[in-house]
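Read the structure below first, then the notes.
The values are calculated or read from the model by the stated rules, or taken from the named source; none is laboratory data. Note that the structure is predicted; figures quoted are calculated from it, not measured. For neighbour counting, all protein chains shown are included, and Cβ atoms are generated from backbone atoms with ideal geometry for every residue, glycine included.
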């Protein structure tokens, strides 16, 4: 017996199939030409959006250097010259991440980046900032030096005063280490991916007072 060739023009998705429904929803929400556009409005070349791209680049280096440090351990980054280099690379990548994220957030704030149905995109960006603060804080607590001990002892009373001491023990190295290298980084990364998808699906907000900008730049991101 010879199998009959499938007719691509016929929709063979069964009625009520959740996979087909999800696929159609994704195709409507984020078509491929919106996900990977070849042309963008000229105002996308604004420094505000460049700051966002640099923030993502810094995050990549944070993850790479942090992965190396997690595998090698604290003795390595305190004693080995190469370990100190990766520790410095991780530290300065975090500084770059926060600097450009704040610049991007402030630029979007003053530019009212939540206009035209983009409020969720803006709110996800704010949540990324808040989760990143927790990530950086736990990073300071697991340095395994005098600074981390001093920060933990001083932060303990502050955390206890808001009733979170029973859930968030800043003097517990194991808990802080797990939060810093697993839970918080996964949260930040997933939120950044969601933020990028939202930007791609809704596009970049137009400048204030400029309802339409016909000029376009080839290949601008």
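Structure above, values below:
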{"quantity": "Selection status of residue 142, in the same structural domain as residue 181 (by TED's automatic domain parsing) and either touching a strand residue (DSSP E or B) at 6+ places or on another chain (Cβ under 7 Å) or more than 30 Å from residue 199 (Cβ to Cβ) (or both)", "calculated": "yes"}
{"quantity": "Tally, over the range 127-145, of residues that are part of a helix (DSSP H, G or I) and either modelled with pLDDT under 90 or surrounded by 13 or more Cβ atoms within 10 Å (Cβ to Cβ) (or both)", "calculated": "13"}
{"quantity": "Residues of the range 157-182 classified as surrounded by 15 or more Cβ atoms within 10 Å (Cβ to Cβ) and part of a helix (DSSP H, G or I), total", "calculated": "8"}
{"quantity": "From the options 105, 82, residue that is more than 19 Å from residue 180 (Cβ to Cβ), crowded, with 18+ Cβ neighbours inside 10 Å and outside the structural domain of residue 178 (by TED's automatic domain parsing)", "calculated": "105"}
{"quantity": "Filtered residues of the range 45-89 (kept if in contact (Cβ under 8 Å) with a residue 40 or more places away in the chain and closer than 14 Å to residue 143 by Cβ)", "calculated": "66, 70, 74, 78"}
{"quantity": "Residues that are part of a helix (DSSP H, G or I) and exposed (fewer than 13 other Cβ atoms within 10 Å of the Cβ), drawn from the range 108-125", "calculated": "110, 119"}
{"quantity": "Meets criteria (surrounded by 13 or more Cβ atoms within 10 Å (Cβ to Cβ), closer than 15 Å to residue 177 by Cβ, free of Cβ contacts under 8 Å to residues at least 60 places away in the same chain and over 21 Å from the mean Cα position of the chain (by Cα)) for residue 148", "calculated": "yes"}
{"quantity": "Count of the range 168-190 residues which are closer than 30 Å to residue 57 by Cβ and without any contact (Cβ under 8 Å) to a residue 60 or more places away in the chain", "calculated": "11"}
